[in-house]
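> Got a structure here, written out as structure tokens. Questions coming.
The values are calculated or read from the model by the stated rules, or taken from the named source; none is laboratory data. Keep in mind that what you see is a predicted model, and the values were worked out from it rather than measured. Here the Cβ is made from the backbone with ideal geometry for all residues, glycine too, and neighbour counts use every protein chain on show. Note: areas computed on protein heavy atoms with side chains; ligands, DNA, RNA excluded. Shrake-Rupley method; radii C 1.70, N 1.55, O 1.52, S 1.80 Å.
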Amino acid sequence: DPSGDPSQQEAKQREAEIRNTILAQVLDQAARARLSNLALVKPDKAKAVENYLIQMARFGQLGGKVSEQGLIEILEKVSQQTEKKTTVKFNRRKVLDSDEEDDY
């Protein structure tokens, strides 16, 4: 929001810098690249993965840097949690046409 309060913008920018710093500490280069590619395609899923990684880092559950393979496993875990079931429903219109009206 460009018309927003400047202090709010600064707070958002500081939060983004903190997030990037934490992610730089917990992800190796290949994993960072994969996550940034994901953010281009599915920003909401990338945000969920980032939140998950930051939470794990805060609680000390990450043993060293997360590799690209580790990130893929986390992506699968997040995907299963946020999986939406897609259903397709066909709504066929009833045609008002009967065989009795054929005048050949």
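> Tell me, what is the per residue accessible area of the chain in Å², probe radius 1.4 Å?
Working: 8920 Å² over 104 residues.
For the chain, the per-residue accessible area is 86 Å².
> Can you give me the % of accessible surface on the chain that is carbon or sulfur? Probe 1.4 Å, all protein chains present, nothing else counted.
Working: 4300 of 8920 Å².
Carbon and sulfur atoms account for 48 percent of the accessible area of the chain.
> Working from Cα positions, state the angle (0 to 90°, nearest 10) between the long axis of helix 43-58 and the longest principal axis of the chain.
Tilt of helix 43-58: around 30 degrees.
> Let me confirm the definition first: pairs of Lys residues in the chain, 8 or more apart or on different chains, C-alpha distance under 29 Å. How many are there?
Counting lysine pairs in the chain gives 23.
> Only four residue types carry charge here, +1 at the Cβ of Lys and Arg and -1 at the Cβ of Asp and Glu. Report the dipole size of the chain about the Cα centre in Debye, rounded to the nearest 20.
Numbers: 17 positive and 18 negative charges, 180 e Å.
For this selection, approximately 860 debye.
> Which one is right for this structure if mean projected area of the Cα convex hull in nm² is calculated from it: (1) 10.1; (2) 13.9; (3) 15.4?
This structure yields the entry labelled (2).
> When the helices in the chain are scored as -39500 (n - 2.57) per DSSP H run of 4 or longer and the sum is shared across all residues, what 222 nm value do you end up with, to the nearest 500 deg cm²/dmol?
Dividing the helical sum by the residues of the chain leaves -20500 deg cm²/dmol.
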